[in-house]
Structures are given as structure tokens and as C-alpha cells.
Amino acid sequence: MNAIAIAVHLVAAVIWVGGLFFAYVILRPTAVALEPGPRLTLWAGIFKRFFPWVWMAIVLIMLSGYWLIFGWFDGFSTLPKHVHMMHLLGWVMTLLFIYLYYRIYPHFVAAVNGQDWPTAGRHLNRIRHIVLLNLVLGMTLLVLVAAWQRVGT
């Protein structure tokens, strides 16, 4: 059962962090060539499809992570350092996404629907900053966890 939880945890993390990487590193520089209306409408469509996947990833990461904490490690007191770091950074990333989703994204969608491109652009810029921060946190987390598992600390 722990192997299934690890696999679910890893796949969900890859979906989330991989999606952030694709959006920021591949799609963003390409979409910049579009006029504001089509570009912002494209991003609204992307977020509408990607954000449910992020919610699913968060739920699966949390469920599988806590399953492993209490089922494999017997609670927080016996966790290795890299799992504590994973737990902390996972919550930071989740809280950043919740903020993005409930505080910025609705204003972005409203501006796109109203074709208020300057306002939508400002909201997209705020989203971009949070995406970059979560991408950096996610990549850092992956590197640190892989390194700490290797050295066994």
C-alpha cells in the first residue's frame, strides 16, 4: 500500500510542477507574441483546464502524504528531514495556489469576460509571479528531496 501512495504522490507532484514548468517556460514566452485579447483569452482557457488538475493533485498529494506520514513513518516525530521539508514546502505551495485561485483568478476571469485587457493583464502578471514562485519551490523541493534521500539524512 505504501508503494501505491508513493506512486500517487509522485504522479500528482509531476502533474502540478510539470504543468507549472510547461506554462512558465514553454507557453508564456510563446503566447507573448499574441495580441492582448487572444493571449488573455488563451490563458483563461488554460487556467480553466489546468486548475482542476491542480486541485486534484493537491488532494492526492495531501492524502498520500499523510498516509505515508502516519502509515509508514508512524507520525511526525520519526520523519526524516527531507519529509519535513516536503511537508512544509507542499503547504506553502498549496496556500499560494489557494490565494491565487480565490483572490486573483476570479478578477482575471471577470476582466477577460469583460474584455478589459489592461486589467486582465495586471491580474495575469500577478498570477505569473505566483506560478514562478511555486515553480521554484516545486523544483527546489524535488531536488532537495532527491538529494536528501540519496545521502540518507
The distance between the Cα centres of region 92-148 and region 70-84, in whole Å, is 29
Per the helix-only model, the chain has a calculated mean residue ellipticity at 222 nm (DSSP H runs of ≥4, -39500 (n - 2.57) each, divided over all residues, rounded to the nearest 500) of -28000 deg cm²/dmol
With N residues in region 88-136, Rg(alpha-carbon) / (2.2 N^0.38 Å) equals 1.21
In units of 2.2 N^0.38 Å, the Cα radius of gyration of region 67-153 is 1.49
In debye to the nearest 20, the charge dipole size for the chain, taken about the Cα centre with +1 at each Lys and Arg Cβ and -1 at each Asp and Glu Cβ, equals 240
For region 71-153 the chymotrypsin sites (Phe, Trp or Tyr not before Pro) that pass both the DSSP coil test and the at-most-15 other-Cβ-within-10 Å test are Trp72, Phe73
Distribution output for the chain: share of Cα-Cα pairs per 10 Å bin in percent, first bin at 0, values 11, 37, 29, 15, 7, 1
Heads up, region 50-109 by the C-alpha gyration tensor (a ≥ b ≥ c square roots of eigenvalues; a/c under 1.5 rounded, else a/b over b/c prolate, else oblate) looks prolate
Asp116 and Trp55 label points (each 7 Å along its Cα→Cβ direction) are spaced in nm at 2.4
Those helices of the chain passing the 20 Å axial Cα length cut-off and the mean Kyte-Doolittle cut-off of 0.0 (DSSP H runs only) are 2-21, 36-71, 81-99, 117-151
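Values quoted throughout were computed directly from the atomic coordinates according to the rules given, and no laboratory measurement underlies them. Given the structure is predicted, the values throughout are model-derived calculations rather than measurements. Virtual Cβ from ideal backbone geometry, glycine too; neighbours counted across all protein chains shown.
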